[in-house]
Amino acid sequence: MNVMSSVVRGARRLAHADPALLNNFLSLPLLCPTRSSAPVLTCPQSRRFASKQVKGHKKEKKTQKAKSKEDKQEVEIRQTMTVAALAKAMNKDFDHVVEALLNTAVDLDSLDPDSVLDERWIKEVVTRSGMKFRWAKLSESRERVNKDARRRPPADPSSLKPRPPVVTIMGHVDHGKTTLLDSLRKSQIVSTEAGGITQHIGAFLVQLPTGEKITFLDTPGHAAFSSMRARGANATDIVVLVVAADDGVMNQTVESIQHAKKAKVPVIVAVNKCDKPHADPQRVKQELLAHDIVCEEFGGDVQSIHVSALKGDNLLALAEATVALAEVLELKAEPTGAVEGLIIESRTDKGKGPVTTVIIQRGTLKRGCVLVAGKSWAKVRFLFDENGRVVTEAGPSAAVEVVGWKEQPSAGELLLEVESEQRAREVTEWRSYEEELQKLQEEQGAIENKQKLHLEEYRKERAGLEHLTWRQRKWAKYKANRTQYATRPSEKIQSDEPCLPIIIKGDVDGSVETLLNIVDSYEAEQQCQLDVLHFGVGDISENDVNMAATFTGSIYGFNVAASKSVQQLAERRGVPLRLHKVIYRLVDELKDELSSKLPAIISESIIGEATVLAMFDVTVGKKKIPVAGCRVQKGQLDQRLKFRLIRGRDTVWEGSLSALKHHKDDVQTVKVGMECGLSADGHGDIRTGDVIVCFEEVDTPQVTSWDPGF
């Protein structure tokens, strides 16, 4: 067979190469071959002689077979391989592949090295060759070049110029931070804040009478705005800690101290409200000692100034102390080169689009600069100061609003200037790619963990069934999972657990971040599931309403509006719009809605008790009905309510009464001390000495156990 196949292949190649030579070859007398120097082809004897089976040989054969099975060569195959590629993968030649495809449906005449084989014939060739196949792994994508934008190296000390200090005012809510800043810049900021509390970061440039400039950041003091305070501390040179002289050190005061320590920023203590009758500045300074804030009076290095923000007392001394500390710190920056800064706040304006409040840390920002922050970029169209006036440029320590962002960046992102719009796109694309890669790795890790758990469970299941046959194992598994097999996926019952899907919208990025941090602190999932469907910056849109309607959710908006058409759509689709301007009121309403989702707790209220004195039968028609003669010991009996029969310590019966009579009259209620006759509905086993209790079931609304901490 091998010789014949070789002859056929040789003839085929000869026919393709030179048909005339093949004709000459066939015309020669085949019966009288001439002597040739070529070696004579010999056919090896392939007959196997039968021999007696010797004991033990069979086992040797089996072990050899097992070894040969293990030692099979592995061939890496792919879909749509050419004949040449398959031969190379098998470490064979073209003829070997053709020979393996003999007696198959493949047209061997049209086969050449570049012919593409189907998947089934690739597997057939490998199997016939006594080899194993495995699918080739998908080729990994080439490692991309890192195109991220980075900070410039430290500047040459000779190019540094003095810059104004960036001062952050921090402290507890309602201790007078905004009023203090208001007095410094002689404006009315407090009146514009909802509820009289600051709910955003405000950045302002204040010029003192002496000519020095200070950039002030006003941070919220409410407990909810912890992330904003942390961001303010990281962007600043000096922290002015405002403490009310009548209140002393409070929770957010301590938190502000911790933020300042973490950012390694020096602190100046401003003891405010010193004009109040119960003010005690000394007590405030002593309380600060417990938090490692040692004032100069106690031998420390922290300056403390007694001020009254409302009356404007001693504010110049506070400003001078700030300038003096700034001179000691020798604050300098490079005003030339690419801009570097920090995004303090981010919001969407109807006329301007995405707008960010930025503190410049290095370089000079001008109109037309191309900026990158996170995964968004901007070509600066306009720069505005804190009063809404257009400015042409902003140097180090300046706080400006930047207009021209393609997408809204997140607050807290690093701001960097790049050469061109193309470079900005490269940077944002690279950062998006990095984020996707990180997500994929996290998902891959989660998948691997799940597979590991599944494998462990499977092994545990198998461990108890190893002694059974495969039929017995199959039957045992079927019995264990009978209920699962009986229920189709489409028939599976949905979870009846309470759930509240919500959409969160805020006016600025920092507000949304704060609300998400509050929601993250939710720990009452065992009572009601809280799901955030979507969050974003800007007014409530029709898409938000449609999404909330799809999931039967609510929309919570903070300092945002909803147009009349959106309100009408929400009313039509039954979507609650919960819009607030004060954050703790929003959180209170969220807690109320979570509580409303919880099932009511049924509690019992005992109305009265009666003792059975005697039993007698009353004939009604042809029936004898047992009647219990009772005396009311406590409260009253009301026929409309439920009753319970107690014998000793056991409850014998529970239900309603079919009749309640006083003497011969049907009555609704029987009061304490009165005697009555009653018959239980569907129960006749009442004995003398039993106690009959009248009770009412009251639905008490359940309240969520979630406490956001304020």
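Side notes on the structure shown:
- Identity of the residue in the stretch 86-115, among the β-branched types (Val, Ile, Thr) and not in a loop (DSSP other than H, G, I, E, B), that ends up farthest from GLU76 (Cα to Cα): VAL98
- Single residue of PRO165, PRO157 found to be closer than 30 Å to ALA319 by Cβ, of a type outside the set (S, T, N, Q) and open to solvent by 40 Å² or more (accessible area, probe 1.4 Å): PRO157
- Residue that is least open to solvent (accessible area, probe 1.4 Å), among those in the stretch 244-283 that are more than 36 Å from the chain's Cα centre (by Cα) and polar (S, T, N, Q): ASN272
- Hits in the stretch 436-450 - residues which are within 14 Å of ASP148 (Cβ to Cβ) and either at pLDDT below 90 or more than 16 Å from the chain's Cα centre (by Cα) (or both): LEU437
- Search result, residues across the stretch 321-352 that are loosely packed, with under 15 Cβ neighbours inside 10 Å, acidic (Asp, Glu), at pLDDT 85 or above and not in a loop (DSSP other than H, G, I, E, B): GLU327
- In the stretch 92-151, the qualifying residues are those that are open to solvent by 50 Å² or more (accessible area, probe 1.4 Å) and aromatic (Phe, Trp, Tyr), and the one that is farthest from VAL418 (Cα to Cα) is PHE94.
- Against the numbered list (1) under 15 Å from LEU180 (Cα atoms); (2) assigned to a helix (DSSP H, G or I); (3) not charged (D, E, K, R), ILE305 comes up short only at (2).
- Where helices (runs of 4 or more DSSP H) sit wholly within the stretch 530-602, none has at least 1 residues that are on the phi > 0 side of the Ramachandran plot and open to solvent by less than 10 Å² (accessible area, probe 1.4 Å).
- Residue that is farthest from the chain's Cα centre (by Cα), among those in the stretch 291-305 that are closer than 21 Å to GLU255 by Cα and open to solvent by 80 Å² or more (accessible area, probe 1.4 Å): ASP301
- From the list GLU340, GLU345, GLU327, GLU334, the lone residue that is more than 20 Å from PRO281 (Cα to Cα) and free of Cβ contacts under 8 Å to residues at least 12 places away in the same chain is GLU327.
- Every residue from the stretch 383-400 that is closer than 20 Å to GLY337 by Cα and either open to solvent by 50 Å² or more (accessible area, probe 1.4 Å) or without any contact (Cβ under 8 Å) to a residue 60 or more places away in the chain (or both): LEU383, VAL391, THR392, GLU393, ALA394, VAL400
The values are calculated or read from the model by the stated rules, or taken from the named source; none is laboratory data. Predicted model, so just to flag it, every value in this text is computed and none were measured. FYI the Cβ positions are ideal-geometry reconstructions off the backbone, even for glycines, and counts take in every protein chain you see. Ligands, DNA and RNA are stripped out before the accessible areas are found, and what is left, the full protein with its side chains, is counted by its heavy atoms. Shrake-Rupley method; radii C 1.70, N 1.55, O 1.52, S 1.80 Å.
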